[in-house]
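Take this structure first; my questions come after.
Computed from the coordinates by the stated procedures, all read-outs in this text should not be read as laboratory data. All figures in this text were calculated on a predicted structure; none of them were measured in a lab. Cβ: placed from backbone, ideal geometry, glycine included. Neighbour counts: every protein chain shown.
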């Protein structure tokens with residue numbers, strides 16, 4: 001696998017749950033190596049399902065997924081070796097201390113870098129002898145992140161780790177993540193529905209809505225390519241309500257003022273919703 | 001070795017409360033049995049001249065033995081209740097250790113952590129099960145030894161290593177049942193992913209499987225049973241079945257012989273006669289009732305086989321749990 005090959009791929013990926021609910025439909029994605037990609041979308045957009053197909057927790061109904069060129073359903077051990085994963089709720093073992101969790105990780109993955117993970121937690125003053133469940137939500141998330149980082153895996157998948165954190169804990173978490181990814185040259189995919197939190201940290205943006213990819217671009221590119229118009233526009237992606245109650249349109253091209261990342265995301269989510277409604 | 005110890009320490013930490021609780025229960029049961037054993041042995045040793053189990057040529061206890069006999073059989077009754085029901089602990093220990101092995105990780109979300117940190121879920125499960133088996137064996141081995149000791153104290157005239165007395169209620173079969181229940185617990189827990197429903201279903205499945213395994217072992221034993229007569233000195237064999245051998249040599253089951261309304265008069269040695277007069281004169285027997293038994297001397301072999309079949313069924317269930325775990329979602 002060359003350095004220019006995508007590290008995370010999906011081709012025509014579709015996932016259907018029971019009762020004929022489609023969580024993902026026709027997802028084609030190729031993520032290059034390096035940097036942090038934000039996977040943004042509302043609840044039930046399919047963010048977790050997408051990440052879980054890469055982890056090997058969900059089997060695609062149609063299409064294929066690849067992790068560093070490996071199909072996780074055909075060779076899960078090899079795919080997992082490339083991955084560090086932070087689940088949506090950082091569930092830690094009830095009877096184990098933070099230090100025990102690091103020992104457990106070492107038992108499960110002999111290449112786990114315990115000292116590295118311990119060092120990261122020490123920087124955050126997280127006591128190693130404290131029970132996993134006795135930590136605050138932010139600290140638990142940090143332990144889960146340290147466990148993922150300690151794998152030294154080239155790819156990190158983070159499934160809404162910020163959802164239950166307060167703003168300060170979110171900021172700290174993102175700081176540690178950014179620092180680690182930039183330092184190690186890893187690739188991270190961070191799912192979230194809070195755009196402002198990921199704006200400063202992420203290089204790329206994927207907007208997922210109603211099970212489809214609505215936008216996949218670099219953050220800088222997305223900001224540069226979009227603008228806001230206060231009137232209907234032939235190049236409008238979609239219209240949506242502004243905070244003051246007025247209606248604004250996200251346009252691809254020039255408009256009356258530059259769009260914020262939040263507005264870019266909102267515009268594409270609105271377009272996804274209207275497409276789904278029309279369908 | 002260090003790795004195994006670390007794994008054992010971490011595994012214990014994850015299940016410390018149920019292991020400690022079960023450990024306390026088993027230790028209490030062993031202590032109680034030890035006390036009962038010492039009581040029985042004490043009475044037997046204090047009255048060496050008293051044989052509490054009358055032999056055929058004895059009609060009464062020797063003088064002065066009545067009180068000691070009452071005391072012995074009072075302790076015997078208590079011990080028997082315990083021995084006949086205490087083996088259920090084997091199932092309890094197996095289920096309570098087995099169910100959380102996978103189900104708790106799924107229920108509490110930690111499966112996502114374990115299944116992504118480790119490369120292979122099968123390897124993870126194998127190590128979890130290895131710890132579970134270790135706990136079950138350690139806890140139940142003491143119980144198995146103690147039930148043998150208690151049984152021996154209850155039957156001071158028998159060599160219980162060559163006797164089917166209290167068969168199924170003592171010895172290594174208790175450990176094997178623990179392994180069977182452990183297998184049920186792991187599999188049901190892996191399928192349901194919830195501990196309480198898994199416990200309820202596990203109890204039912206264990207009961208059904210135990211019945212099935214017991215039935216299969218019983219059929220196997222039947223094929224190896226030997227025919228014996230009631231008046232034979234059999235010691236303490238395993239009773240497998242009975243029937244009637246006609247004078248012609250043909251063998252009929254009891255149902256076949258008596259089912260058509262046939263009436264027969266039986267002598268003390270099991271011979272059957274067409275009339276009461278024939279029976280009284282022991283003349284022209286039409287057949288003889290027989291029993292199918294496995295002699296007591298085969299006890300170690302038969303119990304080892306039953307234990308292997310029981311534990312083997314548990315191992316098969318654990319393999320099934322491995323297949324389920326490798327394919328299922330972590331939540």
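Decide, for chain A, between rounded, prolate and oblate: order the square roots of the alpha carbon gyration tensor eigenvalues as a ≥ b ≥ c, take rounded if a/c falls under 1.5, and otherwise choose prolate if a/b is larger than b/c, else oblate.
prolate
Zone of residue B:309 (label point 7 Å along Cα→Cβ, backbone N under 19 Å): which residues in the stretch B:185-214?
B:206-214
May I pose another question? Pop a pseudo-label 7 angstrom from the Cα along the beta-carbon direction at both residue B:9 and residue A:61 and give the gap in nm to one decimal.
Spacing of the two 7 Å Cα→Cβ label points: 4.8 nm.
Which whole number gives the average, over all residues in A:74-86, of C-beta atoms from other chains lying within 10 Å of the residue C-beta?
Per residue, the average neighbour count from other chains is 3.
Next question, about the same structure. So if R0 is 22 Å, what FRET efficiency would residue A:182 and residue A:74 give, r being the distance between their Cβ atoms, rounded to the nearest 0.05?
Result of the calculation: an efficiency of 0.10.
Please state, to two decimals, what the Cα-based radius of gyration of the protein assembly as shown comes to when divided by 2.2 N^0.38 Å (N = residues).
It is 1.41.
In what order do B:165, A:11 fall by count of nearby beta-carbon atoms within 10 Å, going from fewest to most?
So the residues, fewest neighbours to most, are A:11, B:165.
Continuing with this model, one more query. Modelled label-to-label distance, residue B:200 and residue B:329, 7 Å Cα→beta-carbon offset: nm?
In this crude spin-label approximation the distance works out to 2.2 nm.
According to a simple spin-label model (label point 7 Å from Cα along Cα-to-Cβ), what is the distance in nm between residue A:260 and residue B:45?
Once both label points are built, they end up 8.8 nm from each other.
Could you work out how far helix B:299-327 tilts from the main Cα principal axis of chain B, as a 0 to 90 degree angle to the nearest 10?
30
Another question about this same structure. Compute the relative contact order of the stretch B:163-245 as a whole-number percentage, counting only Cα pairs closer than 8 Å that sit 6 or more residues apart in sequence.
39
Turning to a different aspect of this structure: Using Cβ contacts closer than 10 Å as the measure, can you line up B:199, A:157 from fewest to most?
B:199, A:157
Moving on. Tell me, what is the FRET efficiency for residue B:229 and residue B:73 to the nearest 0.05, using R0 = 41 angstrom and their Cβ-Cβ distance as r?
0.90
Averaged over its residues, how many other protein chain Cβ atoms are within 10 Å of peptide B:8-19's Cβ atoms?
3
Can you divide the C-alpha Rg of the stretch A:1-146 by 2.2 N^0.38 Å and report the result to two decimal places?
1.18
Next question, about the same structure. Sort B:74, B:326 so that the residue with the fewest other Cβ atoms within 10 Å of its own Cβ comes first and the one with the most comes last.
Exposure proxy ranking, most exposed first: B:74, B:326.
Normalising by the residue count of chain B, find the relative contact order in percent from Cα pairs under 8 Å and 6+ residues apart.
It comes to 22 percent, rounded to a whole number.
Please check which bits of the stretch B:225-258 a label hung off residue B:268 would reach, taking the label as a point 7 Å along Cα-to-C-beta and the cut-off as backbone N under 17 Å.
B:229-234
So how far, in whole Å, is the C-alpha centre of the stretch A:1-76 from the one of the stretch B:238-271?
73
How large, in Å, is the stretch A:97-250 by the Kirkwood hydrodynamic radius built from its alpha-carbon pairs?
Evaluated on the stretch A:97-250, it is 17.7 Å.
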